[in-house]
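One structure is given here, and the rest of the page talks about it.
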C-alpha cells in the first residue's frame, strides 16, 4: 500500500468532519462560480457582504479583478479534492485543507466565515486523529 491510499478504519466520521466537508464544498462552489462568472462576463458577481477583499486589493493595485478569475476557480475546485482526501483519510488531505482554508480567508465575507470555521474544526482532536489516519 502506498502512502496516498486511504486506510480502512472502523471509526465513523465525526460531525465536525462532516461539517468540514460541507463547508469546504460550499466555499469551493462559491469561489469556482465567482471565478467562472468573472471569466465569462468580465464582471465580478458580488456576494452578500459586498465587494470581496480580493477585488478591493486588485483594484487598489491597479489590476483588473478578472486577473484573479482562474486562481478563484483553482482554489474553489481544490476545496472539493482536499475535503474528499480528508474524508478518505489520505495523509495529504488535512494539510491541503489547512492551506486552502488559509488562502480562502482573503476572499472575505461568506467564504471567510466558512474558511474560518473549517480552520477551527481542523484542529479538533478527533479531526486531527482522522487526518493522520489513526
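Structure values in brief
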item	result
Output for the range 11-40, where each listed residue is touching a strand residue (DSSP E or B) at 6+ places or on another chain (Cβ under 8 Å) and modelled with pLDDT of 90 or more	30
First in the range 21-35 and farther than 10 Å from residue 76 by Cβ, second anywhere and outside any helix (DSSP H, G or I) and at pLDDT 95 or above, Cβ under 7 Å, 6 or more apart	none
Hits in the range 46-67 (condition: closer than 17 Å to residue 112 by Cα and part of a helix (DSSP H, G or I))	53, 54, 55, 56, 57
Scope the range 46-64; condition surrounded by 12 or more Cβ atoms within 10 Å (Cβ to Cβ) and either closer than 18 Å to residue 26 by Cα or at pLDDT below 80 (or both); matching residues	46, 47, 49, 51, 52, 53, 54, 55, 56, 57, 58
Of residues in the range 97-111 being over 22 Å from residue 14 (Cα atoms) and without any contact (Cβ under 8 Å) to a residue 40 or more places away in the chain, the one surrounded by the most Cβ atoms within 10 Å (Cβ to Cβ)	103
Residues that are part of a helix (DSSP H, G or I), touching a helix residue (DSSP H, G or I) at 6+ places or on another chain (Cβ under 8 Å) and surrounded by fewer than 17 Cβ atoms within 10 Å (Cβ to Cβ), drawn from the range 120-134	126, 128, 132
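Per-residue answers, yes or no, for (1) surrounded by fewer than 15 Cβ atoms within 10 Å (Cβ to Cβ); (2) within 13 Å of the chain's Cα centre (by Cα); (3) closer than 16 Å to residue 35 by Cα:
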residue	(1), (2), (3)
66	no, no, yes
70	yes, no, yes
89	no, no, no
117	no, yes, no
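The values are calculated or read from the model by the stated rules, or taken from the named source; none is laboratory data. If you're wondering where the values come from, they're calculated on a predicted model, not measured in any experiment. So basically every Cβ, Gly included, is an ideal-geometry build from the backbone, and we count neighbours across all protein chains shown.
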